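Read the structure below first, then the notes.
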Amino acid sequence: QVQLVESGGGLVQPGGSLRLSCAASRSIFSFSFMGWYRQAPGKERELVASIIGGGRTNIADSVKGRFTISGDNAKNTVYLQMNSLNPEDTAVYYCRAVTGRYEYWGQGTQVTVSS
């Protein structure tokens with residue numbers, strides 16, 4: 001079993017930046033899919049960014065150029081750097097890990113972009 005804990009959310013003004021962290025309870029990143037998802041009120045959860053094997057990354061078109069995903073295998077942590085935030089980015093952000101036949105979700109961290 002793996003536990004994922006997100007942190008770094010909060011309130012930020014439009015144009016500001018935040019960095020989210022997802023810490024895993026054990027080392028899994030080298031052979032895992034790690035993804036950041038978000039869900040706004042009344043909307044479906046969507047994939048924002050992913051990193052595979054701690055290397056290859058993918059960024060959703062809606063946030064490309066503003067968000068960056070990265071990982072630190074030594075710290076068992078995946079990051080989501082969010083720049084140029086706008087109110088449409090307001091959502092609960094979740095970390096998801098897939099290792100073999102197992103899937104894990106973090107508890108989520110709230111990101112609110114408002115003036």
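The values are calculated or read from the model by the stated rules, or taken from the named source; none is laboratory data. Keep in mind that what you see is a predicted model, and the values were worked out from it rather than measured. Note that each Cβ is placed from the backbone with ideal geometry, even for glycine, and that neighbours are counted across all protein chains shown. What goes into the accessible areas is simple: the full protein's heavy atoms, side chains included, and nothing from ligands, DNA or RNA. Shrake-Rupley method; radii C 1.70, N 1.55, O 1.52, S 1.80 Å.
For the chain, the relative contact order comes to 36 percent (Cα pairs under 8 Å, sequence separation of at least 6). The phi torsions of segment 17-25, fed into the Karplus equation with coefficients 6.51, -1.76 and 1.60 and a -60° offset, translate into couplings of 9, 9, 10, 8, 10, 10, 9, 9, 6 Hz, rounded to whole numbers, with Gly and Pro shown as x.
Spacing of the modelled spin labels on ALA40 and VAL2, each 7 Å from Cα toward Cβ, amounts to 2.9 nm. Among residues other than PHE33 whose Cβ falls under 13 Å from its Cβ, what is the net charge (Lys/Arg +1, Asp/Glu -1)? Spelling it out: positives minus negatives among the neighbours equals +2. With all protein chains in place and a 1.4 Å probe, the accessible surface of the chain carries 47 percent carbon and sulfur. Amide H contacts for SER32 (H built 1.01 Å from N in the peptide plane; partners 5 or more residues away or on another chain; cut-off under 5 Å): GLY53, GLY54. 3J(HN,Hα) along segment 43-55: 10, 7, 5, 10, 6, 9, 7, 9, 9, 10, x, x, x Hz, from the Karplus curve 6.51 cos²θ - 1.76 cosθ + 1.60 with θ = phi - 60°, whole Hz, x for Gly and Pro. Residues of segment 1-26 with amide nitrogen under 14 Å from the 7 Å Cα-to-Cβ point of ASN86? Residues 14-16 qualify, since their backbone N sits under 14 Å from the label point.
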